[in-house]
Amino acid sequence: MRVVVLVSGSGSNLQSLIDDVHAPGDAARIVLVVSSHPGVKALERAEAAGIPTAVVGLDGGERAARDRRLADVVEAADPGLVVLAGWMSILTGDFLDRFPDRVINLHPSLLPSFPGLHAIEQALAWGVRYTGVTVHYAEEVVDGGPPILQEPVAVMYGDDAEALTARIREVEHRLVPEAVRLFAAGRVRRDPSDRRRVQIVPGEGE
Ligand code: GRF
């Protein structure tokens, strides 16, 4: 399965995909990494792995026009799946409608709790005992698409944002490759009669 990854920053989740699903013989192949910003670490990681890169920013322009440009760049890579791995910009229907049910996003909380920015700080401020990680279909409502995989992470007494972020990252780095493997195996199905429901089809022997 051809995968395009959209990034904006450090790209540690991109790295987990490069390490876990991109090797020859693996089910997926990252064919393009697109960044919203030039010069970010994620682009260095892609280049080090020999993956083609592109930068498509807002450039002070209109979001709809950016999304059409972005969709053209992504479509040219002919992806079976588009992964938003730390992509820090809202995507409109001008992008999402071009790849129906093929764009997934990662968020560092158990949605629908703590959508938007600073999810980890929001969880700490609320005092929840559990937060976590969600991989979900990307839709126009920010962090609003149906979950595909979710995993809780316990908040420890005395945690600060740095400590909790480190434990959440560990889970992200497992869940994102797992989601890609499930898509590659054709095991993720969105219920046509209730589009909020996602079925993970059991693998052989499960
Ligand atoms: C991740 O925590 C993701 O949940 C959030 O942005 C972060 C990206 O980290 N949306 P990285 O760029 O993959 O290191």
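Ordered by 1.4 Å accessible area with all protein chains kept, Glu204, Glu172, Glu62 run largest first as Glu204, Glu62, Glu172. Magnitude of the charge dipole for the chain, about its Cα centre and with charges confined to Cβ atoms of Lys, Arg (+1) and Asp, Glu (-1), is about 260 debye. In the chain, with Lys and Arg counted as +1 and Asp and Glu as -1 at Cβ, which of these residues, His173, Leu81, Gly203, has the Cα nearest the positive end of the dipole, that is, farthest along it? Among His173, Leu81, Gly203, the one farthest towards the positive end of the dipole of the chain is Gly203. Between amide H atoms placed 1.01 Å from N, distances below 5 Å from Val133 occur with Glu151, Val153, all of them 5 or more places distant or on a separate chain. Counting only protein heavy atoms and a probe of 1.4 Å, the accessible surface of the chain is 52% carbon and sulfur. The alpha carbon convex hull volume per residue for the chain rounds to 130 Å³.
Taking the convex hull of the alpha carbon positions in segment 1-60 and averaging its projected area over all directions gives 3.7 nm². Kindly state, to the nearest 0.05, the FRET efficiency for Leu117 paired with Glu206, given R0 = 35 Å and r defined as their beta-carbon distance. It comes to 0.45. With Rg and the Kirkwood Rh both taken from Cα atoms, where does Rg over Rh land for segment 1-115? Across segment 1-115, the Cα-based Rg/Rh ratio is 0.95.
The values are calculated or read from the model by the stated rules, or taken from the named source; none is laboratory data. It should be emphasised that the depicted structure is a prediction, and the values quoted were computed from it without experimental measurement. Don't worry about glycine lacking a Cβ; one is built from the backbone with ideal geometry, like all the others, and counts go over all protein chains shown. For the accessible areas, the whole protein counts, side chains as well, though only heavy atoms, and no ligand, DNA or RNA atoms are used. Shrake-Rupley method; radii C 1.70, N 1.55, O 1.52, S 1.80 Å.
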